[in-house]
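Nothing in this text is a laboratory measurement; each read-out follows from the coordinates by a stated rule. Keep in mind it's a predicted model, so treat the numbers as computed, not measured. Every residue, glycine among them, receives a Cβ derived from its backbone with ideal geometry; neighbour counts consider all protein chains shown.
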Amino acid sequence: MSREENLETQRHSLAHLMAASIQESHPDAKFGVGPVVEDGFYYDVLLEEPLTPDALAAIERTMRRKVSEKLSFERIEMPIADAVALFAGMAQDFKVELLNDLRSRGTTALVDVDDPNLVGGGVDTVSVYRTGEFVDLCRGPHVADAGVIRPDAFKLTRVSGAYWRGDQSRTQLQRVYGVAFEDKKALKAYFVRLEEARKRDHRRLGTELDLFSVHPDTVGGGLVLWHPKGGRVRHLVEEYCKNAHLTGGYEFVYTPHIGRRTLWETSGHLGFYADAMYAPIEIDAQEFYLKPMNCPFHVHIFKSGVRSYRDLPIRLAEWGTVYRYERSGVLHGLTRVRGFTQDDAHLFCRPDQMPAEIDTVLGFSLDILRAFGFSEFTMYLSTRPEKRVGRDALWDEAEQALEAALERSGLPYEVNAGDGAFYGPKIDIVLTDAIGRGWQLSTIQFDFNLPERFDLSFVGEDGAPHRPYMIHRALLGSMERFFGILIEHHGGAFPVWLAPVQAVLIPIADRHVDYCRGVLERLREAGIRAELDDGADRMNAKIRKAQVQKVPFMLVVGDKEAGANAVAVRLRSGEDLKARTIDAFLELAREAIASRS
């Protein structure tokens, strides 16, 4: 068993140990599911009263006692009818429901009963695990006994609400979370990272830095209002990316926010994606839908005229706002929203152009991400699933081209066999942020589906029609989510080129204000985003305020600076660069902007 598998097994066993400890203090508890999640585990449980922090601490102490007792995890296989009777006798209604689902559907494969949305069924035999007095329905595996678990390497962290099987119309349970690691040192490091993540939380910084806001009770949940400072950063991001797209041979298009029902029927979205789409609106007795994606519009643009093999590749790009339904419980700041703007692009090319096109778009994506301060990436190649469209020869060619491009990139990658979309294989780019978290942003996705559905073609050199390859490419993903990640990566201290305010002039006394106004005008003429703080606060308070706002440069002016046509330069880090002439400061600022440091 690998190190990762061993840790996952321990986390799974701790979920059972936690449930056993809850059952000891709450004999009437009814248990839902208890899977392993990133960094730990949870268990959903129905209790008569909410678990308090003191109750959580008591459960954790009971878990450590059970570890010291080296409780065994005994696996028992039994006919599913016996398991139903067993759990019904214990009044574990949720387990009975899962078991009845297992035997009512059409497969004989064992499924993971820790998945509340399990599919499958027709199961004849199931496994249960006994840990002391606690009996649970589970596929396993588990540790042989609790004694192998380090008592100082796990901790219960919080309780939240969770609907049974994710259905808001069903019973609400308490979801009890815990984390577990190999040793005490790793557990401590986790909480250090957690505290750093709290400091960098884009929701808190978004308010403190006046970047954006969300108003669920008035505007609506998951709908973001970009404030002037956030809007300025977004403009700078888009401006840089759009210029790079133009240089890279992309053409910009603009498409509507709604489309007729027939469009979404042809594209297949109403058949495969309806749950994420909003209810239609009626216009002239016809149904229109808010767009969840831009691709069908781009397909129509490609199809609007006769395309020759000489015209290809065609690269269409759009910063297109789309709307997708998300349950209110999963909305999260900028990273999980209902309305967002994608930096969407669709590439149409000939089969012989495809390898070079993949190389180009992969390199292009990485160059853009590096410009915003990201340097660590892992690639994932997702290959053909069992159910798919398109000929095997097409899949072979596409997968080989994607993997060859990954090999040439020299970056680490993993193959997720069978994890591709039904309409084509893809590359996902996962970046690592400043505190070691992975974020999936860019996707390079083949599509064998839409060209067929919309009957796309180009005229080949032989004068006959040929089907083009179509590649979806989202680079930043969405402006909202990318902005949230960007805030947290930099802790709100954007590099100088992206900072909404790059410099603040701070006069020591009122007699220095007029000089500062002249400097301000000169800075702005030079393209520096500068402000003047001529308020009544004392100098030190103004410096602290600028530091809290994470302004890169604070330019302090007193008698000495005003007499020497200079400013005293302080950095947001607290470093004092002393007095510099205006020309010297402009050179410093331009170098910082040009380096994107």
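The stretch between LEU194 and GLU251 holds 16.3 nm of extra length on full extension. This uses 0.36 nm per residue minus the Cα-Cα distance. Working from Cα pairs under 8 Å separated by at least six residues, relative contact order for the chain is 10 percent.
Potential lengthening of the chain between SER25 and ALA85 amounts to 19.2 nm, from the contour at 0.36 nm per residue minus the alpha-carbon distance. Once the C-beta distance of ALA371 and LEU571 is scaled by a Förster radius of 30 Å, the resulting FRET efficiency is 0.85 to the nearest 0.05.
Give the calculated FRET efficiency between ILE258 and GLU182 to the nearest 0.05, with a Förster radius of 45 Å applied to their Cβ-Cβ distance.
Values: r = 52 Å, r/R0 = 1.16.
Efficiency for this residue pair is about 0.30.
Ordered by the number of other Cβ atoms lying within 10 Å of each residue's own Cβ, fewest first, PHE31, PHE422 fall into the sequence PHE422, PHE31. If only the Cβ of Lys and Arg carry +1 and only the Cβ of Asp and Glu carry -1, the dipole of segment 519-596 around its Cα centre is close to 340 debye. Would you mind checking segment 484-515 for residues with the amide N under 13 Å from a putative spin-label position 7 Å along Cα→C-beta of ARG522? Answer for this model: 515.
The DSSP beta bridges internal to segment 503-595 are antiparallel in roughly 55% of cases. The fewest-to-most ranking of ARG307, ARG511 by surrounding Cβ atoms within 10 Å reads ARG511, ARG307.
Placing unit charges on each Cβ (+1 for Lys and Arg, -1 for Asp and Glu) gives segment 449-597 a dipole about its Cα centre, and among PHE483, ALA493, ALA526 the Cα reaching farthest toward its positive end belongs to ALA493. The sum of -39500 (n - 2.57) across all DSSP H runs of n ≥ 4, divided by the residue count of the chain, sets its helix-only mean residue ellipticity at 222 nm to -11500 deg cm²/dmol. Taking mean projected area of the Cα convex hull in nm² as calculated from this structure, the corresponding entry among [x] 29.6; [y] 34.0; [z] 42.5 is [y]. Please work out the Cα center distance from segment 41-55 to segment 281-322, rounded to the nearest Å. Using only Cα atoms, the two centres lie 49 Å from each other.
Candidate cross-link partners of LYS188 among the lysines, defined by an alpha-carbon separation under 23 Å and a same-chain spacing of 8 or more, comprise LYS66, LYS155, LYS199.
Listing PHE553, PHE297 from fewest to most neighbouring C-beta atoms within 10 Å gives PHE297, PHE553.
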